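So the structure is just underneath, and the comments pick up after that.
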Amino acid sequence: AGHRLSTGAMEEVLADHPDVAECAVLGVADALKGQVPMGLLVVNAGCDRSEVDIVGEVVQMVRDRIGPVAAFKQALIVPRLPKTRSGK
């Protein structure tokens with residue numbers, strides 16, 4: 001059975017990571033499940049930690065706080081998130 005999950009709830013978990021400055025979660029196509037969540041992370045300036053470590057930690061944080069039902073397994077570190085003119 002499918003589950004409806006809030007991207008906002010996942011974003012709250014990602015934002016709690018100490019190396020994450022900004023984040024977003026969006027649905028990406030999946031052949032089996034239809035869509036699965038993927039995180040986009042902007043890390044804090046000056047962060048020199050491994051992307052693999054940070055992604056592994058945020059994936060584990062989502063599993064711990066929301067559960068495996070979130071199917072959160074993918075995250076990318078990006079230089080910035082797109083914003084509107086008002087900065088949102």
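The values are calculated or read from the model by the stated rules, or taken from the named source; none is laboratory data. Remember, predicted model here, so these are calculated numbers, not experimental data. Using ideal geometry, Cβ is built from the backbone for each residue, glycine included, and neighbour counts are taken over all protein chains shown.
For the reader, a short list of remarks on this structure follows.
- Selection of region 24-55 for residues being of a type outside the set (A, V, I, L, M) and closer than 25 Å to Arg4 by Cβ yields Gly27, Asp30, Lys33, Gly34, Gln35, Pro37, Gly39.
- Among the residues listed as Val69, Val28, Val52, the single one being in a helix (DSSP H, G or I), in contact (Cβ under 8 Å) with a residue 12 or more places away in the chain and surrounded by fewer than 16 Cβ atoms within 10 Å (Cβ to Cβ): Val69
- Residues (surrounded by fewer than 15 Cβ atoms within 10 Å (Cβ to Cβ) and assigned to a loop (DSSP other than H, G, I, E, B)) located in region 3-19: His3, Arg4, Ser6, Asp16, Pro18
- Looking only at residues in region 37-49 that are closer than 11 Å to Val20 by Cα and of a type in the set (A, V, I, L, M), the one that is surrounded by the most Cβ atoms within 10 Å (Cβ to Cβ) is Leu41.
- The one condition from (1) free of Cβ contacts under 8 Å to residues at least 24 places away in the same chain; (2) of a type in the set (Val, Ile, Thr); (3) assigned to a strand (DSSP E or B) that Val36 does not meet is (1).
- Among the residues examined, Glu22 does not qualify as under 14 Å from the mean Cα position of the chain (by Cα), surrounded by fewer than 16 Cβ atoms within 10 Å (Cβ to Cβ) and either modelled with pLDDT of 95 or more or polar (S, T, N, Q) (or both).
- Considering region 72-88, the residues that are farther than 17 Å from Ser6 by Cα and either touching a helix residue (DSSP H, G or I) at 6+ places or on another chain (Cβ under 7 Å) or of a type in the set (Val, Ile, Thr) (or both) include one that is surrounded by the most Cβ atoms within 10 Å (Cβ to Cβ), namely Ile77.
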